[in-house]
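Below is one structure; the comments refer to it alone.
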Amino acid sequence: MVQSNPIADAMTAIKNASDVGKSECIVEPASKLLGAMLRIMQEHNYIGGFEYIDDGRGGQFRVQLIGLINKCGAISPRYSVKVNKVESWEERYLPAKNFGILIISTSKGMMSHENARNAGVGGELLGYVY
């Protein structure tokens, strides 16, 4: 099976496993981008932890779920977002103010929309979690 959007597939796998009450799920293929997104989700307490598993192919992440994800997904296409326009994207993808995070790839690395706003940088929208 050829994957056209591994980030979207990973977010869907995490959401589906969380919805049925599983305590962990396997996400593949692993990548640095996906690892950075999982790290941000962990920092904001949406997942417990994750570990890389080398399976001899693309690698996998084992993600510990703690039941706090209502919805998560990839944003496609990856829209460019300026610092002063973050709020409009927040309204579009998140259900309420100060509820959930947008994951943004910036020139200073991957970060949540709040950290990007505080750092004064824009970037590309990759996903959301709430």
- With +1 on the Cβ of every Lys and Arg and -1 on the Cβ of every Asp and Glu, the dipole magnitude of the chain about its Cα centre, in debye rounded to the nearest 20, is 340 debye
- Message: From the helices alone, meaning DSSP H stretches of at least four residues, give me the mean residue ellipticity at 222 nm for the chain, per-run term -39500 (n - 2.57), in deg cm²/dmol to the nearest 500.
- Response: -9500 deg cm²/dmol
- Note on the structure: Once the in-chain neighbours fewer than 8 apart are removed, the lysines whose Cα is under 24 Å from residue 22 read 71
- Message: For a quick check: with amide H placed at 1.01 Å from N, whose amide H comes under 5 Å from residue 66's, ignoring anything fewer than 5 positions away on the same chain?
- Response: 48
- Item | Inter-part distance where segment 60-130 and segment 10-38 are each reduced to a Cα centre, Å | 16 Å
- Item | trypsin sites (Lys or Arg not before Pro), loop per DSSP, at most 16 other Cβ atoms within 10 Å - longest free stretch of the chain | 23-56
- Query: What is segment 20-99's relative contact order, in percent, from Cα pairs under 8 angstrom and six or more apart in sequence?
  - Reply: 29 percent
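Read-outs throughout are calculated quantities, based only on the coordinates presented, and are distinct from any laboratory measurement. Predicted model, so just to flag it, every value in this text is computed and none were measured. Cβ: placed from backbone, ideal geometry, glycine included. Neighbour counts: every protein chain shown.
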